[in-house]
Amino acid sequence: MKQAFTLVEILGVIAIMSILFAISLPVYTSFLTSNEVDNATKTTVSTLRKAQLQAMAVKDDAQWGVRLTSSTITLFQGSSYALRVTSYDTNYTLPGAMAYSGPSEIVFSKLYGIPATTGTATFSKNGKSYSIVINAKGVQSY
């Protein structure tokens with residue numbers, strides 16, 4: 001007598017696996033979205049802190065700032081993004097379909113690290129959002 005799986009048993013296993021996959025897919029995509037928004041927030045905070053520290057250290061005797069868009073974060077040297085020294089630019093690319101609202105650029109003063117612009121920067125995607133508050137002293141909280 002040969003032992004083997006019947007067609008009904010194989011179809012049952014495939015059905016169970018399909019149901020588990022269908023249940024786990026939305027959870028996985030939600031996790032990926034949340035992770036992308038969280039990474040964008042952490043990258044922004046890290047870049048803002050780096051710009052502030054370089055301005056406070058008076059690196060290259062210049063102001064430092066960060067330009068924020070929905071697709072990139074740019075660390076730059078200069079009093080504004082338009083007047084920056086492009087050879088000092090450091091760009092970080094954000095995942096696609098990310099929405100951004102808030103100040104477009106934040107420039108920190110030399111020596112004191114006080115931002116010229118304050119406000120709340122918010123990244124969002126598919127209902128997940130994180131905000132970064134930049135106060136008048138340059139402290140970033142999220």
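Quick notes on this structure:
- The set of residues from the range 32-66 being among the aliphatic types (A, V, I, L, M) and within 17 Å of LEU83 (Cβ to Cβ) comprises ALA51, ALA55, ALA62, VAL66.
- Only one entry in THR120, THR47, THR74 is β-branched (Val, Ile, Thr) and either farther than 25 Å from PHE31 by Cα or at pLDDT below 95 (or both), namely THR74.
- For the range 90-122, residues that are within 14 Å of SER79 (Cβ to Cβ), of a type outside the set (A, V, I, L, M) and either more than 20 Å from the chain's Cα centre (by Cα) or not in a loop (DSSP other than H, G, I, E, B) (or both) total 5.
- Selection count, the range 33-88, where residues are touching a residue at least 12 places away in the same chain (Cβ under 8 Å) and either touching a His at 6+ places or on another chain (Cβ under 8 Å) or of a type in the set (Gly, Ala, Ser) (or both): 11
- Among residues of the range 1-59, those that are assigned to a helix (DSSP H, G or I), under 30 Å from TYR88 (Cβ atoms) and either touching a Lys or Arg at 6+ places or on another chain (Cβ under 7 Å) or of a type in the set (Phe, Trp, Tyr) (or both), counted: 3
- Taken over the range 16-51, the criterion of being small (Gly, Ala, Ser) and exposed (fewer than 10 other Cβ atoms within 10 Å of the Cβ) is satisfied by ALA22 alone.
- Checking each residue in the range 64-104 for being within 13 Å of ASN39 (Cα to Cα) and among the aliphatic types (A, V, I, L, M) picks out ILE73, LEU94, MET98.
The values are calculated or read from the model by the stated rules, or taken from the named source; none is laboratory data. Only a predicted model underlies this, so the values are computations on that prediction, with no experimental measurement involved. Neighbour counts run over all protein chains shown; Cβ positions are idealised from the backbone, glycine included.
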